[in-house]
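Some notes on the structure that comes next.
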Ligand SMILES: Nc1nc2c(ncn2[C@@H]2O[C@H](COP(=O)(O)OP(=O)(O)OP(=O)(O)O)[C@@H](O)[C@H]2O)c(=O)[nH]1
Ligand SMILES: [Mg+2]
């Protein structure tokens, strides 16, 4: 017997609805960079100066931060909300927040800088249209960041498909807005980023100070900075072209969180729609569980809506499914065109480190699984993709090669998916799934 | 394992009477028993009996059976070893050649006979070395380990020869969300309590098979970030709250370490870190991990001083590069479990050559430890050479080239 659907669908043509709605353009960006370089503070400042966060809330955070001797973190606490993050003064997981300018609705994905939480950073980066790379300009900090996550994060977002980068040269207050330091950093980063295959057109350098708010939303006033005539951070953000949206393609959404949404529905999920659209009443299929559910309600930025499209990060409230079938990292798709499960694939990789056949952690968005590089098939020419050497014994950093990856279990992965391979806490390679 | 008696001649034929005493001994037995060996052990067999009235009844009786081994089946989790074969020595109840599966049990003796069947193997150097290792009596290192992340924990027991994942605990922990931090904290609390109760259950189970029940096996907690530390605090608080004896005894043995992920293979980083190594002293696990680290470092340098893969390594040995003065041959014990006797002989020959002729070092790694798994990834065999050799990998097979030129590169 066919169960009657518990939620009525309006059967909307979502692509048309989207056209009609005249919806403001939207963009998600991930904030990346070495630990403590000021990512969360900068975002807290941005939200405060745009009046998304009011004075009272900030005063409250200031007071709380002072009582545990962490007053300099008050603005960061807008993003850092768990007790662990606040006590330790580091971001652990992605914080999401929203704001809008005249032209665009933005979603912030504030990533952790600490090396241990790169899995979370990858999850954030894979939801982003572009990235803001925050660099601490003060003496030695820039240099130690280069040896640390400044480079690794930049390489990661590039291999996850991000092409546009705003480099926020931050904490300019600590170096009296030194022009030469700004230029030194911009120079060094440009060189590195172009070798990492960012085009110089896609990169903007912005000097700023999140703590004081200079050149974030407000223009910088101090005479030390009179040499600077470029955009503020908000202007640079606004100048970003929105990413491509694949609305017409079949639905693909990567679950980044599963939670009990309250009285509305027994279980809720959130995550970015990579392709397609979803509307209230739709039946969706969760993979790898291969279980269907009904979309009871959709929220975007905490407001109920009838539909959501590629590029958005909605919350879907679901019924007709047992929560055990939903896990972060899973893929939600349309039952009409489901994602296939695979456990072995070949992959074209760019090596960050030496690559040998070995066990690796395989990342795709929130998905994180054990696997192994079972064979090095060939070393490839970086420009043409032709085979240079078959079965190399080892692949060196910077080389491109084709490898076979075997996963511990079957997962929903498709050709063209970007994956990151890590081992022992280091990113070994980033790759593009070939088949 | 206790060796009661052995009669092995200089050609490697003969028998060993063994008594497995702890769960790990089953793993040794599994590695020792090969197809075509003869195995004698206590068995249960249904025997048909015809009574004076002519009714046939079937009754299980205990008897000693000798089988010629066909295959072995080892369940890592439960440590059970089943050996299938055909009855090789006739017996008043069972016909020669009939099928039987012997289930080896703890504290029950069995006799392993090699060299009786020309199709099978003998007590070769590798088998003798395994036998010696299995019967070492010195106190062996043992450790519980929980490798964890937010919401996932792998509970493992690490012994001299095995790393066994006892259970994987998964609890959905909601991520942080604006205005909804409660879910995260509650989720973590539930995750910790589930992990701890699961761990305690496994510890109790293990105790029941242990001879010395007073001994507390140390506990290693490893995670990225702060999860392991937080779990340690949770255990301490629970111990004081409940005054549970097992918990109170456990608290002082806890070691906390950093790992890059919650996956079991992250254990290799933990166990090779100097802080933990010094506490584990000289375990096989730690030694093998160090050796694999050395090997992979050399392979990365790509200067021909280290090679992996069966053909490459054999060629290196042939060229005399794995000998005195630093040559090391590394093999996984999986190679010696080869069902194909010829395959086993191939590797025994290589071992003997390196050790006895060339004067190099030979290490057989356990495939149940992370180091053995790493070696498995490299084709189960690798070598550190005394001098560099290039191009041991010539004449490769074809690789299908499905790269279209001009397509977008990865980065
Ligand atoms: N002087 C000065 N200090 C800053 C500025 N921005 C951030 N800081 C300080 O830098 C420290 C770290 O700031 P966070 O915002 O937590 O850094 P983060 O990059 O988010 O750190 P993780 O998320 O843990 O990687 C805090 O003490 C801030 O007050 C700035 O513009 N000037
Ligand atoms: Mg932060």
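Applying 1/(1 + (r/R0)^6) with r as the Cβ-Cβ distance of residue A:342 and residue A:390 and R0 = 22 angstrom yields a FRET efficiency of 0.40. Per residue of chain B, the DSSP helices (runs of n ≥ 4 H) give a summed -39500 (n - 2.57) that works out to -9500 deg cm²/dmol at 222 nm. Model label sites at residue A:66 and residue A:87, defined 7 Å from Cα along the beta-carbon direction, differ in position by 2.3 nm. Find the centroid of the Cα atoms in the stretch A:401-424 and in the stretch B:1-73, then give the distance between the two in whole Å. When both Cα centres are located, 45 Å separates them. Multiplying the residue separation of residue B:9 and residue B:236 by 0.36 nm and subtracting their alpha-carbon distance yields 76.0 nm.
Compared with the alpha-carbon gap, the fully stretched path from residue B:132 to residue B:185 is longer by 13.9 nm at 0.36 nm per residue. Each label point was placed 7 Å from the Cα along the Cα-to-Cβ direction; for residue B:319 and residue B:202 their separation is 4.4 nm.
Taking label positions 7 Å along the Cα-Cβ direction at both residue B:106 and residue A:52, the computed distance is 5.9 nm, reported to one decimal.
Between B:301, B:80, B:34, the GNM of chain B built on Cα springs shorter than 10 angstrom shows B:301 fluctuating the most.
Taking neighbour Cβ counts within 10 Å as the exposure measure, how do A:208, A:333 sort from fewest upward?
Working: A:208 30, A:333 22.
Neighbour counts put them in this order, fewest first: A:333, A:208.
Within the listed set B:382, B:228, B:239, the residue fluctuating most in the Gaussian network model of chain B (springs between alpha-carbon atoms under 10 angstrom) is B:239. Here the calculated FRET efficiency for residue B:243 and residue A:369, from their Cβ-Cβ distance with R0 = 45 Å, stands at 0.65, rounded to the nearest 0.05.
Could you calculate the FRET efficiency of residue B:78 with residue A:147 from 1/(1 + (r/R0)^6), where r is the beta carbon distance between them and R0 is 41 Å, rounded to 0.05? Don't skip to the answer; put the middle values down first.
On the way: r = 48 Å, r/R0 = 1.17.
Taking R0 as 41 Å, the efficiency between residue B:78 and residue A:147 is 0.30.
Straightening the chain between residue B:51 and residue B:293 buys 80.3 nm, computed as 0.36 nm per residue apart minus the Cα-Cα spacing.
FYI, it's all coordinate maths here, none of it is from the lab. Quick caveat, the model's predicted, so the values are computed rather than measured. Positions of Cβ are generated from backbone atoms using ideal geometry, with glycine treated the same way; all protein chains shown enter the neighbour counts.
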